[in-house]
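Just so you know, all these numbers are worked out from the coordinates, no wet-lab data involved. None of these values were measured; they are calculated from a predicted model. Neighbour counts run over all protein chains shown; Cβ positions are idealised from the backbone, glycine included.
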Amino acid sequence: MIKTEHPHIFVAVPLPDEIKSVLSEWSHTLRRQWPFRKWVHPSDYHITLQFLGACPPAQVETVKQHLSQALPPLPSFTLGLKGLNVFGQRRKPRILWADVTGDKHTLAHLQQHVASTLERIGFPREQRPYRPHITLAKHYRKDHFSFDQLSSYTVTETKDLEWRVQEIVLYQTHLGRTPMYEPLQTYSFTETE
C-alpha cells in the first residue's frame with residue numbers, strides 16, 4: 001500500500017519582488033561567507049503568520065472558507081527590512097533570518113486574528129511568542145558562526161526597503177521542489193474608512 005502524505009500549508013504575508021530582490025542579493029553575498037546547508041529560494045521569502053501542517057484536501061477547503069469569511073476590515077500597513085539575526089545557538093545557528101520593522105503592532109494583530117480564526121476550526125496556536133521574520137538560510141554547517149558580522153547588515157535608513165502589506169496568502173509546501181511554496185489563495189485587505 002502506498003502511503004500518501006498530505007501537503008503542509010501555512011498562512012503568510014507575501015513580499016513584493018523588490019524586497020525579494022534585495023534579500024536575494026544579501027543571500028548571494030552571504031552564502032560565500034557562511035556555509036548554511038540550505039538557502040531559501042527568493043520566490044519562497046515570506047513572513048509566516050500561522051503554520052498549519054499536513055492537511056487533507058477537505059480541511060484545506062475549510063481553512064480557505066474560514067479565512068475568507070473571518071479577515072477583518074484592515075487597512076494596508078507598512079513593513080520594512082531591519083537587518084539580520086539568527087535563531088539557535090549564536091556559534092552554530094539553526095536559522096539565518098531578516099528582521100522586519102514598521103507597523104509590527106498591526107502585523108501582530110493580524111497574526112493573532114489568523115491564529116484565533118484557525119484555532120476555532122481545530123488548529124492549535126503556536127505556544128512561543130510571535131517573532132515576525134523572513135527565513136534566508138537553515139542549518140549552519142561549521143562550529144564557529146561569526147555573529148558580529150550580522151551588524152554590517154543592520155539597516156539604518158529603511159525608506160527604500162519598505163513595502164505596503166495589502167494581503168495575506170495561504171501557501172502549500174512542495175518538498176523537494178524549488179521554489180517549494182505554492183500560493184493556494186490570496187486574501188486582500190478591505191480598507192477601513
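Between 0 and 90 degrees, rounded to the nearest ten: what's the tilt of helix 17-33 against the longest Cα principal axis of the chain?
Once rounded, the angle reads 40 degrees.
In debye, nearest 20: dipole of segment 1-69 around its Cα centre with unit charges on the Cβ of K, R (+) and D, E (-)? Don't skip to the end; give the middle numbers.
Working: 7 positive and 6 negative charges, 67 e Å.
Taking the Cα centre of segment 1-69 as origin, the dipole is about 320 debye.
When only Cα pairs under 8 Å and 6 or more residues apart are kept, what is the percent relative contact order across segment 8-188?
Relative contact order comes out at 34 percent.
Suppose we look only past 25 Å in the calculated P(r) of segment 8-188. What percent of the Cα-Cα pairs does that tail hold? Show your work: numbers first, answer last.
Numbers: 5873 of 16290 pairs.
Cα-Cα pairs of segment 8-188 separated by over 25 Å account for 36 percent.
Once you sort the root eigenvalues of the Cα gyration tensor of segment 12-92 as a ≥ b ≥ c, which label holds: rounded (a/c under 1.5), prolate (a/b larger than b/c) or oblate (the other case)? If you can, show how the numbers build up before the last one.
Details: a/c = 2.44, a/b = 1.69, b/c = 1.45.
Cα axes put segment 12-92 in the prolate bin.
Quick check: the distance between the Cα centres of segment 111-183 and segment 44-103, to the nearest angstrom?
5
Taking the Cβ-Cβ separation of Lys92 and Arg131 as r and a Förster radius of 22 Å, what is the calculated FRET efficiency to the nearest 0.05? Kindly include the intermediate steps, with their values, before the conclusion.
On the way: r = 20 Å, r/R0 = 0.89.
Result of the calculation: an efficiency of 0.65.
What distance in nm separates the two pseudo spin-label positions at Phe147 and Ala108, each 7 Å out from Cα along the beta-carbon direction?
Inter-label distance under the simple model: 2.3 nm.
Given +1 on the Cβ of Lys and Arg, -1 on the Cβ of Asp and Glu, and no further charges, what dipole in debye does the chain carry about its Cα centre, rounded to the nearest 20?
Values: 23 positive and 19 negative charges, 237 e Å.
Magnitude of the dipole: close to 1140 debye.
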